[in-house]
Amino acid sequence: MSLSTITALSPLDGRYAAKLSALRPIMSEHGYMHRRVQVEVAWFIALSDAGFDEFKPLSPGARAYLQGLVKNFSEADTAAIKEIEKTTNHDVKAVEYWIKSKFGGRPELEKAAEFVHFACTSEDINNTSHALQIRAGRDQVIVPGLDAIITKLREMAHQHAQVPMLSRTHGQTASPTTVGKELANVVMRLQAATARITTVKILAKMNGAVGNYNAHLSAWPDFDWEAFSQKVVETNEPQGLGLTFQPYSIQIEPHDYMAELFDAIARANTILIDLSRDIWGYVSLAYFKQKLKEGEIGSSTMPHKVNPIDFENAEGNLGLANALLRHLAEKLPISRWQRDLTDSTVLRNIGVAMGYAALAYSSLMTGLNKLELNEEALNADLDSSWEVLAEPIQTVMRRYGVPGAYEKLKEVTRGKSVTAEALHALIRSLDIPQADKERLLALTPASYIGMATELARRV
């Protein structure tokens, strides 16, 4: 059976492959190999500048050639490394051998070949490679996806800032709001959640087999290896890696930052699950209609239906993303003693977790762009819910010390079909100033929205 989108085991590389093209070069096996080569090259070039007699600074031509290996790294290069791995049965060693194989016919590099992967444990390369992948996935896919949703929701919040909508608390009619204000709530929540994602520092260590520079110091005991490693990790690309240095580790970087990041993404996703369910409900109430493309089918048997599938898909895929993200966050910071391999296979699923998140963001954007507000349905709901004005009436009654304000309104409204006439009769009977009576008599469910419009426009 051939490998294709229709034979792929994962729907991320099957049904939804086209939607995840931005993530695949970053988080795939190819992306991982690419970052490994980048790390090895950065370390190698930096060693040449360390001042060792045994490894003189590389010429500009050699540096350009090595950077070209990184810049022009291709799928064919990954395939070549994987071919070497068939013999080594060790993927990092295969990367080392591949780099050395590229030194052929270049005496300057051939002479220095043993400084490739010098004093490194595999995790010095892997943890930095994962960090580069995670940073790129976050900055190029996850955050832009969330920002696009925030931008769309903000536009909708401003557009519908004044459109009144009946609220429901515990599923029961409650004080009105506006469509824009409810969307503004989500904007503010998502902005805060996204900010937490962007501020997580992406860490990396390059300190040897158990974090103590043992091998490094055996070769050059008087050299400041910690400062050197920090420079490689923190110097901006392409000379360095542009990450944040982790000075304390066992063989592996502890992965606490990963847990922090994945948990932050999961919390943003939870907000979007909440949004997806709410909009699903609003579609059910006909508050929103959905635009269809020509020829698009809503239901296979019921011609009238336009199912809110984009929000359902988003909810489902956000759930899958969060299941993986939370496992990553819980598992990755745990390693027996100085190293076990339980993190290795789990780390390979970071792209899967991000993939389901990115897929959900795409579905959600598609759904949001289909929505059309149905003000007729919104108004009809408000017009049939005059009971929500019991709150302002009893509040004004309390202001003027009318005894039993709550009880009187409960008697008029609870368990009854409340009419404007019944409320107006009560208002007229109240012993309160005439101006306040007139203000209450002028009130409707649609006008009882407080600061909702202002709050919606403010985001």
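Read the figures in this text as sums done on the coordinates, not as results from a lab. These figures come from a predicted structure and were not determined experimentally. Cβ placement follows ideal geometry from the backbone for every residue including glycine, while neighbour counts extend to all protein chains displayed.
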In degrees between 0 and 90, to the nearest 10, how far off the longest principal axis of the chain does helix 75-88 point, with axes built from Cα atoms?
-> 60
For region 130-280, what ratio Rg/Rh do Cα atoms give with a Kirkwood hydrodynamic radius?
-> 1.22
Listing ARG336, ARG15 by rising number of other beta-carbon atoms within 10 angstrom, fewest first, gives ARG336, ARG15
Loop-resident sites, region 371-459, for trypsin sites (Lys or Arg not before Pro), counting at most 14 other Cβ within 10 Å (DSSP) = ARG414, LYS416
Rounded to whole Hz, the Karplus (6.51, -1.76, 1.60) HN-Hα couplings of region 379-393, x for glycine and proline | 5, 4, 5, 5, 5, 9, 10, 5, 4, 5, 7, 4, 4, x, 5
In order over region 169-174: 3J(HN,Hα) from phi, Karplus 6.51/-1.76/1.60, θ = phi - 60°, whole Hz, x for each Gly or Pro, gives 10, 6, x, 9, 4, 9
What base-10 log of the normalised intensity I(q)/I(0) is obtained for region 64-219 from the Debye formula, alpha carbons as equal point scatterers, at q = 0.13 Å⁻¹?
-> -0.79
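What percentage of all Cα-Cα pairs in region 48-89 are separated by more than 16 Å? Walk me through the numbers before you get to the answer.
On the way: 498 of 861 pairs.
Here the tail beyond 16 Å accounts for 58 percent of pairs.
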³J(HN,Hα), Karplus 6.51/-1.76/1.60, whole Hz, each residue of region 116-125, x for Gly, Pro = 6, 6, 5, 6, 8, 8, 3, 5, 4, 7
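Explain nothing, just the number: relative contact order of region 123-374, from Cα pairs under 8 Å at least 6 residues apart, as a whole percent. Intermediate results must be reported in sequence, preceding the final value.
Details: 344 pairs, mean separation 53.1, N = 252.
Contact order relative to length: 21 percent.
Using the 10 angstrom Cβ neighbour count as an exposure proxy, how do GLU234, GLU54 rank, fewest first? Please list the in-between numbers first.
Working: GLU234 14, GLU54 11.
Fewest-to-most ranking of GLU234, GLU54: GLU54, GLU234.
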In whole Å, what are the Cα extents of region 385-458 along the three principal axes, biggest one first?
-> 38, 28, 18
In degrees, nearest 10, the alpha-carbon axis of helix 60-71 is tilted away from the dominant principal axis of the alpha carbons of the chain by 40
Proxy reagent accessibility, fewest Cβ within 10 Å first, across LYS152, LYS71, LYS56 | LYS71, LYS56, LYS152
On a 0 to 90° scale, report how tilted helix 179-199 is relative to the longest principal axis of the chain, with both axes built from alpha carbons and the result rounded to the nearest 10.
-> 20
What label, among (1) 55, 25, 21; (2) 50, 43, 20; (3) 61, 25, 17, belongs to semi-axes √(5λ) of the Cα gyration tensor in Å computed from the structure on display?
-> (3)
Too-long pairs where the Cα-Cα distance tops 29 Å, listed order kept, from LYS100/LYS331; LYS82/LYS205; LYS56/LYS102 = LYS100/LYS331
Sorted by chain and then number, the residues having a modelled amide H within less than 5 Å of the amide H of PHE288, at least 5 places away or on another chain, are VAL283, ASN374
Apply the Debye scattering formula to region 1-101, with a single equal point scatterer on each alpha-carbon and no solvent, then give log10 I(q)/I(0) at q = 0.22 Å⁻¹.
-> -1.15
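Given Cα pairs under 8 Å that are at least 6 residues apart, what percent is the relative contact order of the chain?
Values: 608 pairs, mean separation 81.5, N = 459.
Relative contact order here is 18 percent.
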